[in-house]
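All remarks here apply to the structure that follows.
The values are calculated or read from the model by the stated rules, or taken from the named source; none is laboratory data. None of these values were measured; they are calculated from a predicted model. All accessible areas refer to the heavy atoms of the entire protein, side chains included, with ligands and DNA or RNA removed. Shrake-Rupley method; radii C 1.70, N 1.55, O 1.52, S 1.80 Å.
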Amino acid sequence: MNQIDHPTPRREPDPGVRGSAQPRPIRPRRSVMLLLTTVLLTSMLSIFGIGSAAAAPAPAPMPRPLPESLPGMLVGKSYSSVAVLGGVIPGGGPMTVHFQRPDRIALSAGCNRHLGTANISSEHVRIHTLVSTRMACPGPRAGADQWLASFTSVPLTWRAFGPVLVLSSPRQTVALVEQSALPR
C-alpha cells in the first residue's frame, strides 16, 4: 500500500484545447516581474549607496570632467526604463534615453520626443533646454512630458552597471536597460 505524504498537483485542462489534460505552462505575471525588478534594483541601489537618504545630503563636490574613455560608455547607446522608484511615469512610459553624441541627448517618457544638449560629468548628467515634438497625448500619457521636464530639471546622478543605467534625481530613481540588451 502506497501512502502519499504530499499532495499531487492537479492537471487542469488547457482552456484552448477541448479535452486536453496537458498542464498549462506557468508564466510569471508582469506585476511579479516588476516586483522582482524593483527588489533587485533596490538591493543594487543600497549596495552602491544610491538613492534617498534620511539625513540631508552633503554638498556635492564639483563634477570632474570625464576621462576620454567614459563618454564612450554612453555615446551611441539607447536605454529604456524598466523600473521607477519614488513615483510612476504617467501613462506607464517607458522613459527612453539616447546619447547621440557626448553633448547631445534624446528623451521620451511615452509621449513626445525631446532633443537637447547635456553635459556629462563623472557623476552627473545635466540636461539643458530641450525642444520637442508637439503631439497631444490622450489619457494618462498627457502628463508624461511634464513628468520628464520635472525629472530632468535638476542634475541627475548617473551610474552604469553593464547594460543597466541608473538615473537619480532628489525625488526619483529610474533604472534603464540598454535597448540592445532587452529581449525582443
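Residue ranking by accessible heavy-atom surface, 1.4 Å probe, largest first, among Ser121, Ser150, Ser180 comes out as Ser180, Ser150, Ser121. Taking θ = phi - 60°, what integer Hz values does the Karplus form 6.51 cos²θ - 1.76 cosθ + 1.60 yield along the stretch 128-136, in sequence order, with x for Gly and Pro? Values per residue, Gly and Pro as x: 9, 3, 10, 10, 8, 5, 10, 6, 8 Hz. For the stretch 96-171, the solvent-accessible area of protein heavy atoms averages 50 Å² per residue (probe radius 1.4 Å; ligands and nucleic acids excluded). Note on Val177: accessible area is roughly 30 Å² with a 1.4 Å probe, heavy atoms of protein only.
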